[in-house]
1. Does A256 satisfy being hydrophobic (A, V, I, L, M, F, W, C), within 17 Å of the chain's Cα centre (by Cα) and within 22 Å of A32 (Cα to Cα)?
2. Would you mind stating whether S26 is over 18 Å from K237 (Cβ atoms), without any contact (Cβ under 8 Å) to a residue 12 or more places away in the chain and of a type in the set (S, T, N, Q)?
3. Considering only the stretch 256-271, I want to know if a residue exists there that is touching a helix residue (DSSP H, G or I) at 6+ places or on another chain (Cβ under 7 Å), surrounded by fewer than 23 Cβ atoms within 10 Å (Cβ to Cβ), within 22 Å of G189 (Cβ to Cβ) and assigned by the TED database to the domain that holds R200.
4. Considering only residues that are under 11 Å from V104 (Cβ atoms) and in contact with a Phe, Trp or Tyr (Cβ under 7 Å, 6 or more places away or on another chain), look in the stretch 43-54 and name the one that is least open to solvent (accessible area, probe 1.4 Å).
5. Quick one: count up the residues across the stretch 15-35 that are part of a strand (DSSP E or B), loosely packed, with under 10 Cβ neighbours inside 10 Å and of a type outside the set (F, W, Y).
6. Would you check which residues across the stretch 199-215 are surrounded by 24 or more Cβ atoms within 10 Å (Cβ to Cβ) and not small (G, A, S) and list them?
7. Can you confirm whether D264 is of a type in the set (D, E) and over 15 Å from T74 (Cα atoms)?
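The values are calculated or read from the model by the stated rules, or taken from the named source; none is laboratory data. Just so we're clear, the structure is a prediction, and the values are computed from it rather than from any experiment. Positions of Cβ are backbone-derived with ideal geometry, glycine not excepted, and every protein chain shown enters the neighbour counts. To get the accessible areas, we keep the full protein, side chains included, count just its heavy atoms, and leave off ligands, DNA and RNA. Shrake-Rupley method; radii C 1.70, N 1.55, O 1.52, S 1.80 Å.
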Amino acid sequence: MKANMLESNSVKKAEIIKVKDNLGFSYTDDIAVEEPLEIRVTYGPKEQKQSKNISVTMRTPGYDEELAAGFLFTEGIISGDQQIIKVTHPQAECSRNQENIIIVELVDDFIPQLMKTDRNFYTTSSCGVCGKGSIESIRTVSPFNNNDKEDYNLSLEILYQLSDKLRSFQSNFSSTGGIHASGMFDSNGNLLALREDVGRHNALDKLIGHALFTKQLPLKDKILVLSGRASFELIQKAAMAGIPVVVAIGAPSSLAVDLAKEFDITLLGFLRDNRFNIYHTGSNFKIDNLL
């Protein structure tokens, strides 16, 4: 398949000095773009719609519509794509600003769960949880938690291929070395969609936003592969989307492991070079040929 890559404005050229041993030389390098995105929602009765700023997140430009929709869904502010009329950049702002503002217009008379925004989100590219009042305040209840879980079998051969497959489609990481990715795979190890961003939480929100717009939720038969570590917030977002299996190339945090157990999500870490660690095995999950 052709993976869904970031837009061309996600990477920029920079003139740098490279140093190797005792020799310095000029070099044109690729660096990942990081810019703020302000997410706004408009909601209420048709003739009395009001606007509210929800979040400012530091992101890599590209798939902003998916990022905004995925963020609203994974934070529990909306519960489905049917509550969205459209997602657009503003027209009245100056050209520079309009690229970094996204407006989600919600259906008439729908009241979003805006009490979740009272803590004034400010999410950085390194930590999507920054600014949230407490762990308890982000234990959002997924609309899919009560779905009956299906048996899920994976072979070791397929598992061992996932990290290389994810990396092979990460063109922006290859050029910059500074981009995180979230990939969605089926049980046969086929890559279905991939999103990249300087923020690991943004990459996952883009991926879930894609699933929201294409009416794939819940992702109860999919595997989420993360290019780096697995944080608490990434597992929370996976739980919101009904994802049963999360595989990280890096390490999980202690809270990520606790939350995976709470939502009965299979969590694997350090997947590389034909090895991985199992931090939790879901009640309906089995790895074939594992001794």
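1. no
2. Considered against the rule, which asks whether it is over 18 Å from K237 (Cβ atoms), without any contact (Cβ under 8 Å) to a residue 12 or more places away in the chain and of a type in the set (S, T, N, Q), S26 comes out as yes.
3. Checked the stretch 256-271: at least one residue is touching a helix residue (DSSP H, G or I) at 6+ places or on another chain (Cβ under 7 Å), surrounded by fewer than 23 Cβ atoms within 10 Å (Cβ to Cβ), within 22 Å of G189 (Cβ to Cβ) and assigned by the TED database to the domain that holds R200.
4. Only one residue tops the list, namely I54.
5. Qualifying residue count, the stretch 15-35: 6.
6. Across the stretch 199-215, the qualifying residues are R200, H201, N202, L204, D205, K206, L207, I208.
7. Values: of a type in the set (D, E): yes; over 15 Å from T74 (Cα atoms): yes.
Judged against the criteria, D264 is a match.
Conditions (1) at pLDDT 95 or above; (2) closer than 23 Å to I179 by Cβ; (3) touching a Pro at 6+ places or on another chain (Cβ under 7 Å); (4) open to solvent by less than 40 Å² (accessible area, probe 1.4 Å), marked per residue:
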{"residue": "T60", "(1), (2), (3), (4)": "no, yes, no, yes"}
{"residue": "L67", "(1), (2), (3), (4)": "yes, yes, no, yes"}
{"residue": "P90", "(1), (2), (3), (4)": "no, no, no, yes"}
{"residue": "D109", "(1), (2), (3), (4)": "no, no, yes, no"}
